[in-house]
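K.L.:
Have a look at the structure that comes next, please.
The values are calculated or read from the model by the stated rules, or taken from the named source; none is laboratory data. None of these values were measured; they are calculated from a predicted model. We place every Cβ from the backbone using ideal geometry, glycine too, and count neighbours over all the protein chains shown.
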Amino acid sequence: MDIKVIAFDADDTLWVNEPYFRRTEEAFCELMGGYLSQHDIERELLKIEIGNLPLYGYGVKGFILSMIEAAMTISDKTISIDIVERIINLGKAVLDEPIELLDGVEEVLTALKGKYRLVVATKGDLLDQERKLRKSGLGHYFHHIEIMSEKDDANYLKLLRHLDIQPQELLMVGNSLKSDVLPVLNIGGHAVHVPYHITWAHEQIDNTIENDRFRSVENIKQVLEIL
C-alpha cells in the first residue's frame, strides 16, 4: 500500500458516542411508555430520524427535534409542554457528556504521527464535533479536520482533492461499514473496519465485503500491524 494519508472516523472510532444516544433513547421510551411499547416507540423514532436526515443532518440537534416530532406523532399531538421540555433537556445532556477515548487510540495516533498525514473524516453537527475534538485533546495529532454532511463517494472525492492525493493513497479507519468503508472502497481507497459493540441501525448493512483493499480488525491498535 502506498498510503500517504490515514483518515479516522470520530464517533465510536476515536471516542465513545453511540451509548449516550442509546441511553437517551431509553429515557425517551420511558417518557412515552404510556402510549406504545418500547419496541414500537423505538421504531417510530428511527423512522422519523431517518426521514429528517436530509433536513437536519446528523447529530444531537436533529436527534432532539426528531424526538419531539416522534412524541407528537405517538401521542397524537397531546403531549404537554413539560414533556417537550424534558425531551430537550435529554438532548442537551448528551452535549454535556464527557469524551471517553477508546482503547488504543492515543497509542496509535502517537505511532503514526510524522509517518503519515493524519486527518479526521467524520459527519455530524459542526459545533458538536468541534467541541468533542477540542475536549478529546487529540487535535494536535491531525493535519486536517473534515466534517461532512454525509459520508458518501462525492464527499470523499472532495476530501482527496483538498488533500491533493490519489484514492489509493488514502486509508480510512472507522467503525461503520456503510459510512467509513464502502464509499472509500468505491472510489479506490483503502479501508479498515474497527467494529464497535453498538451500531446505530441506520449504519448497519447486510452484505459481506470482499475487497483486497479492505481489512477488519478487532482493536484499533491492529492498524499498526497492517501498515
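K.L.:
Is it true that Glu106 is acidic (Asp, Glu) and in the same structural domain as Gly34 (by TED's automatic domain parsing)? Don't jump to the end; show me each part of the working.
P.N.:
Working: acidic (Asp, Glu): yes; in the same structural domain as Gly34 (by TED's automatic domain parsing): no.
In short, no.
K.L.:
Exactly one condition in (1) at positive phi; (2) in contact with a His (Cβ under 8 Å, 6 or more places away or on another chain); (3) of a type outside the set (S, T, N, Q) is not met by Gly57; state its number.
P.N.:
(2)
K.L.:
Within region 64-85, track down each residue that is in contact with a helix residue (DSSP H, G or I) (Cβ under 6 Å, 6 or more places away or on another chain) and not aliphatic (A, V, I, L, M).
P.N.:
Ser66, Glu69
K.L.:
While we're looking at this one, here's another question. Checking the conditions here, which among His144, His140 is closer than 29 Å to Ile3 by Cα and more than 18 Å from the chain's Cα centre (by Cα)? Lay out the reasoning, then the answer.
P.N.:
Values: His144 fails: more than 18 Å from the chain's Cα centre (by Cα).
Answer to the check: His140.
K.L.:
Right, next: If we keep just the residues of region 59-76 that are modelled with pLDDT of 95 or more and assigned to a loop (DSSP other than H, G, I, E, B), which is surrounded by the fewest Cβ atoms within 10 Å (Cβ to Cβ)?
P.N.:
Per the criteria, the residue is Asp76.
K.L.:
For the subset of region 207-227 comprising residues that are exposed (fewer than 15 other Cβ atoms within 10 Å of the Cβ) and among the charged types (D, E, K, R), which member is modelled with the lowest pLDDT?
P.N.:
Glu210
K.L.:
While we're here: Specify which of the listed residues (Ile81, Ile48, Ile88) is free of Cβ contacts under 8 Å to residues at least 60 places away in the same chain and surrounded by 17 or more Cβ atoms within 10 Å (Cβ to Cβ). If you could, list the steps in order and put the result at the bottom.
P.N.:
Numbers: Ile81 fails: surrounded by 17 or more Cβ atoms within 10 Å (Cβ to Cβ); Ile88 fails: surrounded by 17 or more Cβ atoms within 10 Å (Cβ to Cβ).
From the options Ile81, Ile48, Ile88, the qualifying one is Ile48.
K.L.:
Scan region 48-70 for residues that are over 18 Å from the mean Cα position of the chain (by Cα) and not hydrophobic (A, V, I, L, M, F, W, C) and jot them down.
P.N.:
Glu69
K.L.:
For region 124-136, check the following and say yes or no: at least one residue is closer than 22 Å to Thr24 by Cβ, modelled with pLDDT under 95, in contact with a Lys or Arg (Cβ under 6 Å, 6 or more places away or on another chain) and outside the structural domain of Phe63 (by TED's automatic domain parsing).
P.N.:
Checking region 124-136: at least one residue is closer than 22 Å to Thr24 by Cβ, modelled with pLDDT under 95, in contact with a Lys or Arg (Cβ under 6 Å, 6 or more places away or on another chain) and outside the structural domain of Phe63 (by TED's automatic domain parsing).
K.L.:
Something else: When you go through (1) in a helix (DSSP H, G or I); (2) touching a Gly at 6+ places or on another chain (Cβ under 7 Å) one by one for Ile147, which number turns out not to apply?
P.N.:
Looking at each condition in turn, Ile147 falls short on (1).
K.L.:
Now a separate question. Of the residues that sit in region 119-157 and are more than 17 Å from Val181 (Cα to Cα) and of a type in the set (A, V, I, L, M, F, W, C), which one is surrounded by the fewest Cβ atoms within 10 Å (Cβ to Cβ)?
P.N.:
Leu126
K.L.:
Does at least one position in region 6-14 carry a residue that is surrounded by 14 or more Cβ atoms within 10 Å (Cβ to Cβ), modelled with pLDDT of 95 or more and more than 15 Å from the chain's Cα centre (by Cα)?
P.N.:
yes
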